[in-house]
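**Student:** Please see the structure below; I have some questions.
The values are calculated or read from the model by the stated rules, or taken from the named source; none is laboratory data. Quick caveat: nothing in here was measured; it's all calculated off a predicted structure. Please note that ligands, DNA and RNA were not included when accessible areas were found on the heavy atoms of the full protein model with its side chains. Shrake-Rupley method; radii C 1.70, N 1.55, O 1.52, S 1.80 Å.
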Amino acid sequence: MSVATVTSKGQVTIPKEIREKLGIITGDQLDFDVTAGGTLQVRRKAKDRLEELCGFIRRPRKRPVSLQTMNEAVRDSVVKPFKR
């Protein structure tokens, strides 16, 4: 179990081991939710597949993607708006 302290500004540093397990990197957005039982749930916000590819060269810690993955992301982004 990891522990973090809340600052006076309400900020919390996510422990390194948790960031690594979830693949959280600088610039990622997180979704927060509180369950009926009072448990805080934090999830990395899902990005549009094409958005994930944009600028990945500037993010050296992010693994490179294959040409097939790039093609699928482009196809999904072009076809998805026309599907209803």
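**Student:** Sort 45, 9 by heavy-atom solvent-accessible area, probe 1.4 angstrom, most to least.
**Tutor:** Accessible-area ranking of 45, 9, largest first: 9, 45.
**Student:** What do you reckon, how do 33, 28, 76 stack up by accessible area (1.4 Å probe), largest on top? Kindly include the intermediate steps, with their values, before the conclusion.
**Tutor:** On the way: 33 75, 28 30, 76 55 Å².
Descending order: 33, 76, 28.
**Student:** Then there is this: Explain nothing, just the number: relative contact order of segment 1-50, from Cα pairs under 8 Å at least 6 residues apart, as a whole percent.
**Tutor:** Once divided by the residue count of segment 1-50, the mean separation gives 23 percent.
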